[in-house]
Structure formats: structure tokens, C-alpha cells
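The values are calculated or read from the model by the stated rules, or taken from the named source; none is laboratory data. Only a predicted model underlies this, so the values are computations on that prediction, with no experimental measurement involved. Every residue, glycine as well, gets a Cβ built from its backbone with ideal geometry; the counts of neighbours run over all protein chains shown. Areas reflect the complete protein model, heavy atoms only, side chains present, ligands, DNA and RNA absent. Shrake-Rupley method; radii C 1.70, N 1.55, O 1.52, S 1.80 Å.
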Amino acid sequence: MAGNAVATNKRVVLKRHVTGFPMEEDMEVVVDTVRLRVPAGSPAVLVQNLYLSCDPWMRGRMSKHDDGGAAETAPDFVVGETLVNFGVGIVIDSTHPEFKAGDLVWGMSGWEEYTLVSKSESLFKINHTELPLSYYTGVLGLTGFTAYASFMEVGRPKKGDFVFVSSASGAVGQVAGQLAKIAGCYVVGSAGSDEKVDLLKTKFGFDDTFNYKSETDLAAALKRCLPDGIDIYVDNMGGATLDAGLLNMRWGGRVVVCGMISQYNLEEQYGLRNMYRIIPKALRVEGFNVTGYFHMYSRFEEEMAGYIKEGKVVVVQDVVEGIESAPTALIGLFSGKNVGKQLVALIRE
């Protein structure tokens, strides 16, 4: 490849900081060019992105925070700069000793067609190329790993445990529920449409389900589905669902807080009313941040690949085509338009 070779590079950039619900107009697709060589003197990797992940956590970084970011590990996106999330790609050029042209990788990437990755610790080589590469945006990537590490390490399941998973048809929830079944638990999931509720039972093997949008009393719905209470609650919703879950926990129960999609777009967030239940029930409520668990990733990848091949874990993806579709796909997450893991395909393998 000639050292001066260039290519067009379409990027999704933040057009303005967001207050309330995000809109497509908060983002725009711009077209630049990129050299297809890593600049001399820097150990970096140039990746052509094949698939981009689309996840609710991006929303927090789209607002302007007084402290500069939603969290230490997630600073605010900068207006005019490319959005970032995890993606799957192929190495075009590398000056880093651990990567070479042609390697298939997944990791933190720009929402663009080509990304120059200078922090190589955020890239992982793909070991199971016999499986669809798109799985590394989800079940074999960050969301699947989140489900695995949060459920196994924080939830600490035992055979016979009663498990509740909120937002259970989403990228984290669908995997967490199936892992719970593999562990011998009784699993109940909530979702926001009848179609998704049916999917939980027929595709993912949940024991019982309910449509939270059709319920007038979430605590009563949980009591109906789990009359003996909840041992492990994998929370992806927050808000009223978390409040209802706290009322239905068993003695020594574990609440694993992986996400709060119901709260991300609210200017005034829901105030929990039932936190007092953590004392008499000796509950453990723990926020989960996957960045502290990457030392487990190799073990997870092998175990999850095995489950997929054995048919113990099934995958449902919602795929849109082309980077121009990415803003619409992201906005759709917050109204539940996606069915399964949302991702953007730039180039099909």
C-alpha cells in the first residue's frame, strides 16, 4: 500500500450538547479523508470499522456536565468531534508490535469508517472468527461481558436462585437471563412490548415475563411472577422498576445495577422510595462498571463462545446498514424500537 494512499472517512460527530431526549439533529455525518498509514513515530493501529455498537450509555456523554463528564471513565463528548463506542474492525496498518495488518479486532473506536487507535489497551484480537464478527459488538463484546461479569461476580448465582432481569430483551439483559438459566436459576424478565415479552420466553428461555408498560403496579407484577421473592436482580432500568424490585427482594439478595435507561433523558431523575428495604433484608446493592473486570475477558470469551456453539446462548441482533443510519438507531434505543442488540453494519464480512 502506498504511503500516501487516502480514503474518504464518514464520521458521526456531536453537533450540540443534549438536554432531555436526544434527537437526530444533535448529531451529523461529516465526510473527511484519512491517510491509510499510521503516522511515523507513534505506536498506533489504524482500523477500518466493520460494525459499530449502539448503546444507551453513550447518552450520558452527549450532555454537558459541570464536572466535565458523567464519570471519571466517560468524559463528555466534545461538540464537533467524533462520537465513540465499541466496534469491530480490521487492522489496515500498525506500528504497534502486538497488531499487524489483517488482524480482526474489537474495542473502543470512533463512530466512523476508519479509526486511528493510539491506546492499544482498548483493542482485543478476535479469537473466534468462525462465529459472526458482529457478535463482538454484543454477546462476545462489551454488553455480553457486562452481563457475564456482573451476574457471575456480583450476583454470585446458586442453583435454584430466583432471578429478575429488567430490560431483559436488550443487549445485556438477554445474555444475563440466559446465563441465569445455565446456572440453574428461575428467571423472570420484563420488557416494553408484547413482541419482546414473547421473545424472552420463546427465544431466550425465560420462565416468566411481563410487559412493564402494561402493568399499573410493578411491585404487584413482580409479586405475581416471583411470589417467593428475588435473590438476584439484574437492573438495567432504574427508576420505578428498581423501586419495585427492592420491595420484592429476599433476605441476602443481590441487586446488580448495570444500567438505568429509564433515567438517562430526564432532567429531574426519579427519587427511590424503597431504599430502606436494604437494611432489614440485608441486601447488597452494587453498581457495576465493567472496566474493573477486563482481566476476566479471555475466560469469558472462551466460555461464551462455547455456549453459543452448544446452543445454550442464542443471539438476537437489530442491524441497520451504513453509518448514516447510526444516529437514528441510537435515538431508537430510548423508545424501545430495537429488538435485541442494536448495531450498525458498515461492511459485512
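The table below gives the values:
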{"read-out": "Pick from the range 244-268, criterion at pLDDT below 95 and out of contact with any helix residue (DSSP H, G or I) (no Cβ under 8 Å at 6 or more places or on another chain), ranking: nearest to Ala147 (Cα to Cα)", "value": "Leu266"}
{"read-out": "Which numbered condition Arg284 fails, given (1) modelled with pLDDT of 95 or more; (2) open to solvent by less than 30 Å² (accessible area, probe 1.4 Å)", "value": "(2)"}
{"read-out": "Output for the range 107-138, where each listed residue is closer than 26 Å to Leu179 by Cβ, part of a loop (DSSP other than H, G, I, E, B) and open to solvent by less than 10 Å² (accessible area, probe 1.4 Å)", "value": "Gly138"}
{"read-out": "Qualifying residue in the range 43-51 (condition: out of contact with any strand residue (DSSP E or B) (no Cβ under 8 Å at 6 or more places or on another chain) and either open to solvent by 60 Å² or more (accessible area, probe 1.4 Å) or of a type in the set (S, T, N, Q) (or both))", "value": "yes"}
{"read-out": "Checking Asp55 against (1) over 27 Å from Val320 (Cβ atoms); (2) of a type in the set (Asp, Glu); (3) modelled with pLDDT under 95, the condition it does not meet", "value": "(1)"}
{"read-out": "Test: residue in the range 325-347 that is charged (D, E, K, R), open to solvent by 50 Å² or more (accessible area, probe 1.4 Å), touching a residue at least 40 places away in the same chain (Cβ under 8 Å) and out of contact with any Gly (no Cβ under 7 Å at 6 or more places or on another chain)", "value": "no"}
{"read-out": "Single unsatisfied condition, Glu153 versus (1) assigned to a helix (DSSP H, G or I); (2) within 21 Å of Thr202 (Cα to Cα)", "value": "(2)"}
{"read-out": "When residues of the range 327-346 are limited to those that are among the aliphatic types (A, V, I, L, M) and either part of a helix (DSSP H, G or I) or modelled with pLDDT under 95 (or both), the one farthest from Leu83 (Cα to Cα)", "value": "Val339"}
{"read-out": "Among (1) out of contact with any helix residue (DSSP H, G or I) (no Cβ under 8 Å at 6 or more places or on another chain); (2) more than 22 Å from Thr137 (Cα to Cα); (3) not charged (D, E, K, R), the one test that Gly60 misses", "value": "(2)"}
{"read-out": "Members of the range 7-27 found to be closer than 21 Å to His65 by Cα and open to solvent by 40 Å² or more (accessible area, probe 1.4 Å), listed by number", "value": "Lys15, Arg16, His17, Thr19, Phe21, Met23, Glu24, Glu25"}
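Residues checked against (1) in a loop (DSSP other than H, G, I, E, B); (2) open to solvent by less than 20 Å² (accessible area, probe 1.4 Å); (3) aromatic (Phe, Trp, Tyr):
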| site | (1), (2), (3) |
| --- | --- |
| Phe206 | yes, yes, yes |
| Phe210 | no, yes, yes |
| Lys213 | no, no, no |
| Thr216 | yes, no, no |
| Ala219 | no, no, no |
| Arg224 | no, no, no |
| Asp228 | yes, no, no |
| Ala240 | no, no, no |
